[in-house]
Amino acid sequence: MLLLRRGDDGPAVAEIRATLVKLGLLPATNGQIRPTNFDGQVEHAVRSFQQQRGLITDGIVGPNTYRALTDARWQLGDRNLAYLISQPMSGDDVLTLQQRLLELGFNAGRADGVFGHQTEHALRNFQRDYGLSVDGMCGPGTLRALRQLAPKVRGGRPVFLREQEHLRRSGPRLSGKRIVIDPGHGGGDRGIVVDGVSEADLMWDLARRLEGRMVATGMEALLSRGPQVCPPESDRAQFANSANADLFLSLHSDANSSPHARGVATFHFGSGGHGTSSTVGEALAGFIQRELTARTGMLDCGTHPKTWDSLRLTRCTAVRVETGYLTNPEDRRRLLDPAFRDVVAEGILVAVKRLYLLGKNDQPTGTFTFDDLLKYELSKAETA
């Protein structure tokens with residue numbers, strides 16, 4: 001779809017306005033305002049919506065914001081919900097259904113707002129346990145039962161407790177862990193390009209360096225793309241799901257209209273507005289952030305929850321790393337240095353190791369080396 005921004009006009013803007021009015025973020029139009037005009041008031045409402053949904057707050061309606069606006073139109077009870085294999089249903093009504101099922105103890109997986117196989121399985125189990133017709137469809141009867149039970153069981157984060165327990169049971173060794181490394185962009189999409197330097201090429205190189213180190217520790221490292229292709233984020237997430245990955249690591253560099261913007265940031269699945277967050281993802285993002293800033297001295301831009309498809313649609317723990325600003329001369333100079341990319345790859349690998357150590361036999365941030373890690377893995381293999 002085309003990007004819609006301040007100054008645009010047309011029926012697509014009218015649709016966005018209507019949604020924002022329904023969500024209470026924009027007052028209804030009067031005779032003095034054209035309902036098809038993307039003005040400053042609409043931009044402000046879009047920014048508020050993006051902030052609530054864990055999206056980039058730029059006031060521009062692109063594919064991710066439009067998808068979230070479309071999802072937000074649906075409330076539980078507006079329509080019957082079922083698993084459609086060819087085109088899965090999505091929306092806030094699906095998200096609410098997933099949250100209710102999880103609160104009741106039925107494993108619907110991550111509450112991502114997409115009605116998939118796991119949601120259907122959880123719904124059928126609920127229907128079976130509560131003497132309802134087991135059809136896998138959330139219709140009037142099932143909805144009535146959910147509403148009757150929901151007030152007694154609100155609260156908790158069961159899906160993320162399961163995530164933490166899975167991490168604990170997997171053990172401290174890296175050997176056997178399956179990691180999907182996702183170098184941003186690719187193929188005809190070069191990402192950010194400054195002075196002939198492209199984000200796609202740099203992240204591909206960084207991904208290969210990280211892959212080599214991971215394989216050396218006994219991990220199974222898979223790349224989400226080749227050098228000449230650029231799958232959409234949803235396909236990258238599906239690749240990780242199909243591979244039954246333990247972790248998904250997406251590698252990017254950033255850009256800003258100001259050349260002074262610089263530093264490293266990491267992102268995990270979560271939305272402040274909906275109160276959801278991947279606790280393990282948040283922990284891994286924190287480990288990566290601390291390792292990279294300690295090892296490189298780059299500005300610490302923090303860790304943040306986001307609902308991007310690459311984070312939302314992956315069943316495993318997923319983190320996105322912004323390794324610096326190509327639009328900043330100093331960050332760009334460092335990113336162009338192969339030795340610097342080696343430091344970044346080592347920092348990310350050590351952060352993954354820290355995640356699985358669960359605080360045991362750990363070392364201070366920035367001091368754990370690749371050689372230390374290999375010795376640790378070898379010693380554990382000998383005693384296994």
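The values are calculated or read from the model by the stated rules, or taken from the named source; none is laboratory data. None of these values were measured; they are calculated from a predicted model. Glycine gets a Cβ as well: all are built from the backbone with ideal geometry, and neighbour counts include every protein chain shown. The protein model used for the area step is the full one, side chains on, heavy atoms only, and it has no ligands, DNA or RNA in it. Shrake-Rupley method; radii C 1.70, N 1.55, O 1.52, S 1.80 Å.
Worth a mention:
- Per the conditions (1) over 25 Å from the mean Cα position of the chain (by Cα); (2) open to solvent by less than 10 Å² (accessible area, probe 1.4 Å); (3) at pLDDT below 95, the sole criterion not satisfied by L149 is (2).
- Sole residue being open to solvent by 50 Å² or more (accessible area, probe 1.4 Å), over 25 Å from V194 (Cα atoms) and in contact with a Ser or Thr (Cβ under 8 Å, 6 or more places away or on another chain), chosen from F239, F269, F248: F239
- A108 closer than 25 Å to L311 by Cβ and either within 17 Å of the chain's Cα centre (by Cα) or in a strand (DSSP E or B) (or both): no
- Checked against (1) more than 15 Å from the chain's Cα centre (by Cα); (2) within 30 Å of G116 (Cβ to Cβ); (3) open to solvent by less than 10 Å² (accessible area, probe 1.4 Å), F287 passes all but a single condition, namely (3).
- Among the numbered conditions (1) in contact with a His (Cβ under 8 Å, 6 or more places away or on another chain); (2) more than 30 Å from A265 (Cβ to Cβ); (3) not basic (K, R), the only one that L97 does not meet is (1).
- Identity of the residue in the range 18-67, among the hydroxyl-bearing types (S, T, Y) and farther than 30 Å from S278 by Cα, that ends up least open to solvent (accessible area, probe 1.4 Å): T36
- Some residue of the range 352-360 being crowded, with 24+ Cβ neighbours inside 10 Å, within 24 Å of S224 (Cβ to Cβ) and in contact with a Gly (Cβ under 9 Å, 6 or more places away or on another chain): no
- Restricting the search to strands (runs of 3 or more DSSP E) fully inside the range 158-275 and requiring at least 3 residues that are closer than 30 Å to N328 by Cβ and under 18 Å from the mean Cα position of the chain (by Cα) gives 178-183, 247-254, 264-271.
The rows are residues; the columns are (1) touching an Asp or Glu at 6+ places or on another chain (Cβ under 6 Å); (2) over 24 Å from K22 (Cα atoms); (3) touching a residue at least 12 places away in the same chain (Cβ under 8 Å).
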{"residue": "M89", "(1), (2), (3)": "no, no, yes"}
{"residue": "T119", "(1), (2), (3)": "no, yes, yes"}
{"residue": "N125", "(1), (2), (3)": "no, yes, yes"}
{"residue": "G136", "(1), (2), (3)": "yes, yes, yes"}
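- Hey, L378 open to solvent by 30 Å² or more (accessible area, probe 1.4 Å), at pLDDT below 90, out of contact with any strand residue (DSSP E or B) (no Cβ under 6 Å at 6 or more places or on another chain) and more than 30 Å from A255 (Cβ to Cβ) or not: yes
- Number of positions in the range 2-17 that are open to solvent by 40 Å² or more (accessible area, probe 1.4 Å) and on the phi > 0 side of the Ramachandran plot: 1
- Scanning the range 253-266 for residues that are closer than 24 Å to R290 by Cβ, surrounded by fewer than 24 Cβ atoms within 10 Å (Cβ to Cβ) and not aliphatic (A, V, I, L, M) gives D254, N256, H260, R262, G263.
- The range 172-220 - residue that is in contact with a Ser or Thr (Cβ under 6 Å, 6 or more places away or on another chain) and open to solvent by less than 10 Å² (accessible area, probe 1.4 Å) and, of those, farthest from L374 (Cα to Cα): E199
- Any chance R334 is touching a helix residue (DSSP H, G or I) at 6+ places or on another chain (Cβ under 7 Å) and open to solvent by 40 Å² or more (accessible area, probe 1.4 Å): yes
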